[in-house]
Amino acid sequence: MAASASSTVVPHLDKAAFLKLQNGSDIRGVALDGVEGEGVNLTEPVAEAIGAAFAAWLVEKKKADASQHLRVSIGHDSRISAKFLQNAISRGLAGAGLEVVQYGLASTPAMFNSTLTKDEAFLCPVDGSIMITASHLPFNRNGFKFFTNAGGLGKTDIKDILERAEKLYNQFTAESLTNSEKVASLSIKTVDYMSVYTSDLVKAVRKAAGNIEKPLEGFHIIVDAGNGAGGFFAAKVLEPLGAITSGSQFLEPDGLFPNHIPNPEDKTAMKAITQAVLDNKADLGIIFDTDVDRSAAVDSTGREFNRNRLIALMAAIVLEEHPGTTIVTDSVTSDGLTTFIEKKLGGKHHRFKRGYKNVIDEAIRLNSIGEESHLAIETSGHGALKENNWLDDGAYLMVKILNKLASARASGVGGGSNVLTGLIEGLQEPGFAAELRLKINQNHPDLKGGSFREYGETVLKHLESSIGSDPNLQKAPVNYEGIRVSGYGGWFLLRLSLHDPVLPLNIEARNSEDAVKLGLVVLAAVKEFAGLDTSALNKFVGS
């Protein structure tokens, strides 16, 4: 029953306010003041309501009865708002009668793993798991990712939880909040689960090298954790395997991220790890995002393994183990990658929609209909393997790369990271690549009060019909997102953003002149849409 206005101790929030926190299959919001124009919407009471809502969702999902105490693990990255959100969401869970196990500083992959580990000494397996993170977003943001042993929750699950949270939040009273605090203080346990997770990573490398205790002995490998949660990888994974890790940087957790954004897609971040590898004459560099579900690497010459190159490297490793398998990627991968996977490696490239959950779910779907797929990977650095329960785990991706180094050494092949560089020999890379963002003005009269999605779809349909008359252009025969077209020695993809009123345009070509030709094709088709801001494209083509 809803509390009366006089007994309500939190300001009223409607359903729309809660649904604004949804970011695809995650929850994200502003947890701290400090950025102009960004008001705090992820408060402690909101987090407590989300915890209680997840508890109700989980009880329903697990069909648990009153006598069955479900258990939920909670971990967080290095953000400075992590502790108070951890305590708030713990109160929501404990107040709903669930057992809460706090892990402290942890990685997103470890949190999912805790639903699979069978070890009662570490209170595992848990029935559900929550990671407090906002990936690479600025210091004032934070959010939640949720898991069961079936994997990460999907968009409809998140919407369901937020709708439940709104109802629970608006029923909070001083008494109910005090009671949940008392219950939480008595029922919360703490466990060092990261020691279990890192031990499993170490075992995986030793096994791949033929059960050698220190298969990376003599290798100099540098880690850049960007002051996120990935600092453990140097001391807890690489050093027990014998690697030298001197020169590793930004391993200390610092939620203000003073050195660079912890993001393998960020140019400043990649420059930092590349410079560290060259300065220290290291064999390999490894960089993680804040919560360690994304990663990239750098070889001894400073060559980056990220985006298409990381996909090519992982595809080469996986196709050695599973010849002919299908590699599922997101929509913005290059034509050269398709040629490499299919002609050089003998696999199949299945290009799908953007969004790591979309890519993973598509690989799972293909397996369910008899098309074998062992790798789902995005250009952002999210990568998941069938052998690892389809968990997008940046640390496990790096372990697969380390396995290659270790097994090559064990079989008498030397050369350090040249082993890896050799695996992507023959990958055709574009001479020129660009991503432009064409924003939709939601207040423009052209939208006639309709949604930006409808307007964006209209733009895409018009582009599709307009390219049919140009003999230099060919529409991709199979395409799951937006309009992808090849021509003028390259390709472009115009698609609608998953969450924002934006049409991102990716162009790759042999050179900037050919890229401009492709840009002009798009501009000619979309310039009549006054509700679309084409200034970035106008600048690109020089008009």
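The values are calculated or read from the model by the stated rules, or taken from the named source; none is laboratory data. If you're wondering where the values come from, they're calculated on a predicted model, not measured in any experiment. For neighbour counting, all protein chains shown are included, and Cβ atoms are generated from backbone atoms with ideal geometry for every residue, glycine included. Note: areas computed on protein heavy atoms with side chains; ligands, DNA, RNA excluded. Shrake-Rupley method; radii C 1.70, N 1.55, O 1.52, S 1.80 Å.
Quick notes
- Estimated FRET transfer efficiency (residue 211, residue 190; beta-carbon r; R0 22 Å; 0.05): 0.10
- Radius 11 Å from Cβ of residue 127, net charge of other residues (Lys, Arg +1; Asp, Glu -1): +2
- Share of alpha-carbon pairs per 10 Å distance bin for the stretch 16-152, given as whole %: 13, 46, 32, 9, 1
- Considering only 395, 314, 16, the residue lying farthest towards the positive end of the dipole of the chain is 314, judged by Cα position with unit charges set on Cβ.
- For the chain, with +1 on Lys and Arg beta carbons and -1 on Asp and Glu, the positive-most of 420, 297, 460 along the dipole: 460
- With eigenvalues of the C-alpha gyration tensor scaled by 5 and rooted, the stretch 407-481, Å: 46, 18, 12
- Net charge dipole, the stretch 24-118: roughly 500 debye, given to the nearest 20, about the Cα centre with Cβ charges of +1 for Lys and Arg and -1 for Asp and Glu.
- Shape call, the stretch 135-179: gyration tensor on alpha carbons, a/c limit 1.5: oblate
- Using only side-chain charges placed at the Cβ, +1 for Lys and Arg and -1 for Asp and Glu, the dipole size of the stretch 162-282 relative to its Cα centre rounds to 340 debye.
- Unit charges at the beta carbon, dipole of the stretch 160-318: most positive-side option, 184, 285, 253: 285
- In this structure, residue 486 and residue 203 have a Cβ-Cβ separation that, at R0 = 35 Å, corresponds to a calculated FRET efficiency of about 0.20.
- D (Stokes-Einstein, µm²/s), Kirkwood Cα radius, the stretch 491-538, 0.692 mPa s at 37 °C: 286
- Segment residue 256-residue 120, length gained on full extension (0.36 nm per residue, minus Cα span): 45.4 nm
- Globularity index of the chain, i.e. its alpha-carbon radius of gyration over 2.2 N^0.38 Å: 1.01
- Per-pair calculated FRET efficiency, R0 = 22 Å: residue 16 and residue 442 via Cβ, rounded to 0.05: 0.90
- Rh by Kirkwood over Cα pairs, then Stokes-Einstein D for the stretch 284-407 at 1.567 mPa s and 4 °C, µm²/s: 92
- Take the convex hull of the alpha carbons in the stretch 187-308; its mean projected area over all directions comes to 8.7 nm².
- Model label sites at residue 40 and residue 246, defined 7 Å from Cα along the beta-carbon direction, differ in position by 4.5 nm.
- Peptide ranges 451-459, 215-223, 465-473 listed from the most packed, as the mean C-beta count within 10 angstrom indicates: 215-223, 451-459, 465-473
- Among beta bridges from DSSP that stay inside the chain, the antiparallel ones total about 65%.
- Spatially, the stretch 192-221 and the stretch 67-116 are offset by 27 Å when compared through their Cα centroids.
- Rh (Kirkwood; distinct C-alpha pairs) - the stretch 262-317, Å: 11.2
- When you count the other C-beta atoms within 10 angstrom of each residue and take the mean per peptide, 429-436, 138-145, 322-329 line up highest first as 138-145, 322-329, 429-436.
- Between the alpha-carbon centres of the stretch 474-543 and the stretch 382-457 there is a gap of 20 Å.
- Relative contact order (%) - the chain, alpha-carbon pairs under 8 angstrom, separation at least six: 11
- For the stretch 447-488, the residues whose backbone nitrogen is under 14 Å from a point 7 Å from the Cα of residue 510, taken along Cα to Cβ, are 487-488.
- Under a model in which nothing but the beta-carbon of Lys, Arg (+1) and Asp, Glu (-1) is charged, the chain shows a dipole of about 520 debye around its Cα centre.
- Normalised by the number of residues in the stretch 328-472, the average gap of Cα pairs under 8 Å and 6 or more apart makes the relative contact order 18 percent.
- Compared with the direct C-alpha span, the chain from residue 178 to residue 163 gains 3.1 nm at full extension, assuming 0.36 nm per residue.
- Accessible surface of the stretch 422-543, 1.4 Å probe: 48 percent of it comes from carbon and sulfur atoms.
- All distinct Cα pairs of the stretch 302-354 go into the 1/r average, and the inverse of that average, the Kirkwood radius, is 11.0 Å.
- Mean projection area, nm², convex hull over Cα of the stretch 348-497: 13.0
- Built amide H within the under 5 Å cut-off of residue 219, gap 5+: 244
- Here the sum of -39500 (n - 2.57) over DSSP H runs of 4 or more residues, divided by the residues of the chain, equals -11000 deg cm²/dmol at 222 nm, to the nearest 500.
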